[in-house]
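Following: one structure in structure tokens, then a few remarks.
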Amino acid sequence: MYHLCPKFLPSLINRTSAIIFLFLVLVLNFIPIIHFTYAQQEMPTIITSQGAPNIIKDPNLHVELVSSDVLELPTSMAFLGPNDILVLEKDKGTVQRIVNGKMLPEPLLDVNVANKSERGMLGIAVTENETRFNSNKYVFLYFTESVQDGNDDCPKDDFCNPGNDPLGNRLYRYELVNDQLANPVLLLDLPATSGPAHNGGGITIGPDNNVYLPIGELREEHIQKISSADGRGGILRVTQNGEVVVVVGGQGILGNTYPLNLYYAYGIRNSFGIDFDPVTATLWDTENGPGFGDEINLVQPGFNSGWNEVQGIWPRKGGPSEDIILNPDELLEFGGKAKYSAPEFIWGDDIVGPTALKFLNSDKLGKQYQNDIFIGDVHNGRIYHFDLNEARTELVLQEPLDDKVADDDSETEDIVFGEGFGSISDLEVGPDGYLYVVSIGLGGIYRIVPGEVNGNDGVA
């Protein structure tokens, strides 16, 4: 038997404690990221920027922490008013309210969610509900509903043990009544299988006051087959009452049968971010690839993004080493109503996992940023900034990105606006005109504001 000399014992304890501490830090930093790993290849290598959030291109801007309260896996946020924020916690199925930087003691809502992989409490949008009698707010929530939190026991993508299936990916409308979300109305009941990933969730209210919801294909292999147009793999649109939005001829964009008449766009593998151009009212989105080909798309009504025949500008089973495909065949056209167009920007082999996409419809950070596109990523904790051309149909890209493809990470230097945000899950513009960042990796909300600062102004 070996005996430890007493004089070495304190150093050994300190060394052991340090090792345990470092292990816990690594685990706790990795857990939030794992929820988004399915957005990319099966087993990706995740590298997240370390250090405090900072704006690397503009010394006239800095980052503030909105609240010192720690959030558990926050996914999306929305404003009720100035300094009044609703934020979602993915695995807990909760809607928290933060007023003047302080989180209320109890959530406004707590529902049961399936939460494996990318399932959970996912998307939120808020709008005014005005009647001739009163005015309150509608709060739209998108989540994977379950019998109880986290009971989606599914050993295979296409099989759950009996009684453990998610109930569905569901869009509800609530009313804000006496600091509670009440009077739920089910607007959409969408598939939540076959896989636990690719549920989407970045809902938004369009300039037409309708609700837009991106949902991935949930690992459906036959996404370009007519039978798969079942509420998966597209951007869906409904009225605030859950009704189909009809176009000319009294039907939906792609057809008049349900749920085909819900589709605004089709053929989308997985999207966490959509937003409307405040100048042209045109929709843009981000789309995650399967190990290559993350995309930014201009989404016209009836857009078919091409998955699963093409990703980026390459065949699904090939990648950037294969021949370029600009006009893929074997895509559903729905009688000529759906049209494919190539992405406006692509990350090639160096995928980043783009999430939120937001137009900064404000000049509060400087007129040079007004109405530009900002995009967050989950792999590197970065914010990317893009200018648009005069017609606002393309991104303004300088060499080496003038071919619309980032071949490797070194080519993205000129479009990186900020870094160190952990894994970004949402971007929003506040009533104050500043850009807000939700980090699922750091468990916090940050605000980008003007003004020079030494250090990070209290950012943890």
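The values are calculated or read from the model by the stated rules, or taken from the named source; none is laboratory data. All of these numbers come straight from a predicted model, not from anything done at the bench. All Cβ positions, even for glycine, are placed from backbone atoms using ideal geometry, and neighbour counts span all protein chains on display. Side chains are part of the model used for accessible areas, which takes the heavy atoms of the whole protein and leaves out ligands, DNA and RNA. Shrake-Rupley method; radii C 1.70, N 1.55, O 1.52, S 1.80 Å.
What to note about this one:
- Kirkwood-Stokes translational diffusion coefficient of segment 233-279, alpha-carbon pairs, 10 °C, 1.306 mPa s, µm²/s: 136
- Taking all protein chains into account, the per residue accessible area for segment 261-346 stands at 34 Å² (1.4 Å probe).
- Within the full protein context, the accessible area of ASP350 is estimated at about 60 Å² for a probe radius of 1.4 Å.
- Accessible surface, 1.4 Å probe, highest first, among residues THR193, THR257: THR257, THR193
- Normalising the average separation of contacting C-alpha pairs (under 8 angstrom, six or more residues apart) by the number of residues puts the relative contact order of segment 143-281 at 19 percent.
- Rounded to 10°, Cα long-axis angle of helix 9-34 versus longest principal axis of the chain: 10
- Percent carbon-and-sulfur accessible area, segment 211-293, ignoring ligands, DNA and RNA, probe 1.4 Å: 51
- Cα-Cα separations in segment 260-411 greater than 25 Å, expressed as whole percent: 27
- Per-residue surface analysis assigns HIS385 an accessible area of about 40 Å², computed on protein heavy atoms at 1.4 Å probe radius.
- Within the straight-line cut-off of under 28 Å between alpha carbons, the lysines reachable from LYS116 are LYS90, LYS92, LYS156, LYS225, LYS317, LYS358, sequence neighbours fewer than 8 places apart in one chain being disregarded.
- Using only side-chain charges placed at the Cβ, +1 for Lys and Arg and -1 for Asp and Glu, the dipole size of the chain relative to its Cα centre rounds to 1260 debye.
- Rounded to the nearest 20 debye, the dipole size of segment 169-244 about its Cα centre is 140 debye, using +1 on the Cβ of Lys and Arg and -1 on the Cβ of Asp and Glu.
- Shape of segment 48-110, Cα gyration tensor, a/c cut at 1.5: prolate
- Accessible-area ranking of VAL111, VAL211, largest first, probe 1.4 Å: VAL111, VAL211
- Peptides 245-256, 73-84, 298-309 ranked from most to least packed, by the mean per-residue count of other Cβ atoms within 10 Å: 298-309, 73-84, 245-256.
- The Kirkwood hydrodynamic radius of segment 372-436, based on inverse pair distances between different Cα atoms, is 13.0 Å.
- Whole-angstrom Cα spans of segment 81-129 along principal axes, big to small: 33, 26, 15
- 20 °C / 1.002 mPa s Stokes-Einstein diffusion coefficient of segment 329-459, Kirkwood radius on C-alpha pairs, µm²/s: 131
- Shape class of the chain from the Cα gyration tensor (axes a ≥ b ≥ c, square roots of the eigenvalues): rounded, since a/c falls below 1.5.
- Calculated FRET value between LYS317 and ASP84, using beta carbons and R₀ = 56 Å, to 0.05: 0.70
- Separation of alpha-carbon centers, segment 319-344 and segment 219-297, rounded to whole Å: 15
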